[in-house]
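Working notes, beginning with the structure itself.
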Amino acid sequence: MYKVTKKKVHGLLHPEIVGDKHWDKIINVFIITLIILNVIAVMIETIPSFHDDYNEQQFFRYFDLISVIIFTLEYVLRVWSSNQEEKYKHSIWGRLKYMLSPGALIDLMAILPFYLHAIIGFDLRVLRMLRLLRFFRLFRLTAYMKSAHMITNVFKKRINELALSLILVIFLIIIASSAIYFSEHLHPENKEKFISIPATIWWAVVTLTTTGYGDMYPMTTAGKIMAGIIMLTGVAFFALPAGIITAGFLEEFRKTRKQKENKCPHCGMLIEDDNHNNHEEDH
């Protein structure tokens with residue numbers, strides 16, 4: 001009975017495991033909704049009229065307490081049933097290993113601020129900010145959804161191209177910062193703004209992303225010419241990651257569509273193109 005209960009609990013809390021999909025979905029949707037409501041509550045609490053009203057404060061306190069109880073219960077059940085998986089098989093070390101996994105740490109961050117305040121009297125202003133960490137639980141829960149799997153696959157397959165484009169962008173930022181620094185740091189009106197290459201990195205990032213806040217801008221002719229070149233180059237370089245990710249998504253969409261086309265309508269199994277006719281005849 002104990003093992004059966006643990007297995008069922010583990011299956012309900014992990015939608016990727018084959019089980020009662022109906023209850024899996026209900027629990028997942030409930031937790032996601034609760035997380036979103038918690039984030040909204042933190043945002044509403046910052047409105048002065050809500051923040052100063054005693055009755056509203058009491059409502060938010062009770063809502064936070066109920067949320068923490070639910071999140072804590074879920075966390076405890078996840079840790080308790082974690083040794084159902086082979087990699088966490090040991091009753092003690094397996095559970096400790098699970099508690100140090102990224103997913104479990106995200107779950108812990110969702111409830112930790114409440115206990116920090118209760119035990120050591122953490123500053124409430126900091127507590128409100130830390131409560132926003134619950135939003136990160138959405139990344140953990142949505143990781144089991146098909147769309148999230150697709151996003152993960154795209155980044156995994158394109159990691160080398162994305163890393164190369166990031167290196168190129170960093171290289172361009174350093175070159176742009178250096179070029180503008182040497183052009184502008186001697187100008188009377190800019191010598192207090194472009195005081196060093198690291199300080200000029202802010203201008204380079206803002207310019208390359210075509211944001212342009214206007215707090216720092218070149219005044220020399222050479223600086224203006226280089227700024228124009230940097231802006232045009234930035235548009236091309238910053239579009240690289242977007243192009244790589246888009247290409248990855250198109251590839252994943254094609255792959256998913258092909259899998260659907262090659263799926264047997266009778267048994268749901270994937271079949272090879274060569275064996276398609278034979279498989280249909282068997283059914």
Checking the condition at pLDDT 80 or above and farther than 17 Å from residue 27 by Cβ, which residue from 93, 80 passes? 93
Could you grab me the full set of residues in the stretch 143-160 that are outside any helix (DSSP H, G or I) and modelled with pLDDT of 85 or more? 158
In the stretch 91-117, how many residues are out of contact with any helix residue (DSSP H, G or I) (no Cβ under 9 Å at 6 or more places or on another chain) and not hydrophobic (A, V, I, L, M, F, W, C)? 0
Leading residue by the ranking (nearest to residue 30 (Cα to Cα)) among those in the stretch 57-73 that are at pLDDT below 85 and of a type outside the set (Phe, Trp, Tyr): 64
Among the listed residues 204, 247, identify the single one that is modelled with pLDDT of 85 or more and closer than 26 Å to residue 189 by Cα. 204
Residue tally, condition part of a helix (DSSP H, G or I) and free of Cβ contacts under 8 Å to residues at least 40 places away in the same chain, over the stretch 161-206: 23
When (1) modelled with pLDDT of 75 or more; (2) acidic (Asp, Glu); (3) in contact with a Gly (Cβ under 8 Å, 6 or more places away or on another chain) are applied to residue 24, the one that fails is (1)
Any hit, the stretch 200-216, residues being on the phi > 0 side of the Ramachandran plot and of a type in the set (Val, Ile, Thr): yes
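Here is a yes/no grid of residues against (1) in a helix (DSSP H, G or I); (2) in contact (Cβ under 8 Å) with a residue 40 or more places away in the chain; (3) surrounded by 13 or more Cβ atoms within 10 Å (Cβ to Cβ):
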site: 211; (1), (2), (3): no, no, no
site: 218; (1), (2), (3): no, no, yes
site: 223; (1), (2), (3): yes, yes, yes
site: 237; (1), (2), (3): yes, yes, yes
site: 244; (1), (2), (3): yes, yes, yes
site: 255; (1), (2), (3): yes, no, no
Looking at the stretch 219-232, can you tell me whether even one residue there is modelled with pLDDT under 80 and within 32 Å of the chain's Cα centre (by Cα)? no
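The values are calculated or read from the model by the stated rules, or taken from the named source; none is laboratory data. Everything numeric in this text was worked out from a predicted model, so none of it was measured. Quick reminder, even Gly has a Cβ in these numbers, built from the backbone with ideal geometry, and neighbours come from all protein chains shown.
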